[in-house]
Each structure stands twice: as structure tokens, then as C-alpha cells.
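Everything on this sheet refers to the single structure shown next.
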Amino acid sequence: MYELLAQILKFLLIGLIYYFLYNFLKLMVLDLSEEKNTSVDTGYYLRSDDGREYPLRPVTTIGRAGDSDIVINDPYLSSKHAMIFKKGRRMVIQDLKSTNGTFLNGKRIKKAVALKEKDVITMGSRKFTFLRREARGLESGSDV
């Protein structure tokens, strides 16, 4: 009698484990598919002094290293020079302890600083302007 009850309980326990494992994997797959579907475009970009535009992701690293999101070949830039990241509804820039520093509107930044549209970021010998994507149409000089 006890052996039959033990067998039934064993199968119930194994069934519960499979049920929880199935639901856990199902949630993981849903989370991963949501991540793929969410747009990584923040609506902001950097325009360099030579006219190139670099779209900003929720976390964007800038430096000489090949694994940086924005790779800039400049001998005055560190391999991981700075990072721009989304904090709430704002975009924030932080120097990553670079040798030559990161400057925002001519002032060296020591800690994370919130960016405003048309801020000028200087790293090494390069200058970047922080812009919103919606402002791009207004800059092209549309006659309305």
C-alpha cells in the first residue's frame, strides 16, 4: 500500500517539476522575444564635426577599442573613453576615467551629467553635437 502511494507521489512530484520548468522556459522565451521587438533607438544621435551621425542606443560606449559602440580613431581617445546612457527619460554622459577627459560645452566632466539638445561634447580632438532625431527635419530648412 505504501509502495503504491510512494510511486504516485513520486510521479506527481516529477510532473510538478516538469510543469514549473515548462512555465519558467515559456516566460524566458517571452522575455527574450520582447527584448528583440523593443526598439533600441533612443531618438537621439551625435553629429561629429565632420558631419557623421551616430545613433545612440540605451547604452552607448565611445572609444578607440573595436568593441566600442562608436569607434573613433583618435590618438587622444582612450580605448573606452566615455559612455552615454539612458536614465529615465534623459540621456546622460559619463567619462570612463579617460586619460585626456571628456568635455561638455567646454567644461571637463568628472561625474555623470545629463545632456541637453545641442550640447557640444569634446573628446580628444573630436567634437560632437548631441541632437534629437525629431530636430533633424527642422534643421534642413523646411519652409513652412
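The values are calculated or read from the model by the stated rules, or taken from the named source; none is laboratory data. Worth saying up front: this structure is predicted, and the values here are computed from it rather than measured. All Cβ positions, even for glycine, are placed from backbone atoms using ideal geometry, and neighbour counts span all protein chains on display. For the accessible areas, the whole protein counts, side chains as well, though only heavy atoms, and no ligand, DNA or RNA atoms are used. Shrake-Rupley method; radii C 1.70, N 1.55, O 1.52, S 1.80 Å.
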Can you tell me how many residues within segment 49-68 are touching a strand residue (DSSP E or B) at 6+ places or on another chain (Cβ under 8 Å), open to solvent by less than 70 Å² (accessible area, probe 1.4 Å) and in a loop (DSSP other than H, G, I, E, B)?
4
Taking Asn73 as the residue in question, decide whether it is at pLDDT below 95, more than 15 Å from Arg132 (Cα to Cα), open to solvent by 60 Å² or more (accessible area, probe 1.4 Å) and out of contact with any His (no Cβ under 6 Å at 6 or more places or on another chain).
yes
Determine, yes or no, whether Lys110 is modelled with pLDDT under 90 and more than 21 Å from Arg132 (Cβ to Cβ).
no
Tell me whether segment 92-100 contains one or more residues that are at pLDDT 90 or above, touching a Leu at 6+ places or on another chain (Cβ under 8 Å) and more than 18 Å from Lys118 (Cα to Cα).
yes
Looking only at segment 111-132, which residues are under 15 Å from Ile70 (Cα atoms) and touching a residue at least 60 places away in the same chain (Cβ under 8 Å)?
Ile121, Met123, Arg126, Lys127, Phe128, Thr129, Phe130
Tally the residues that are farther than 14 Å from Phe85 by Cβ and open to solvent by 70 Å² or more (accessible area, probe 1.4 Å), restricting the search to segment 39-48.
2
Residue in segment 86-103 that is nearest to Gly43 (Cα to Cα), counting only those that are more than 18 Å from the chain's Cα centre (by Cα) and open to solvent by less than 20 Å² (accessible area, probe 1.4 Å)
Thr102
Only residues in segment 99-110 that are hydrophobic (A, V, I, L, M, F, W, C) count as the first member; pair them with residues that are in a loop (DSSP other than H, G, I, E, B), Cβ under 9 angstrom, at least 6 apart or cross-chain, and list the lot.
Phe103/Ile109; Leu104/Leu115; Leu104/Asp119; Ile109/Gly101
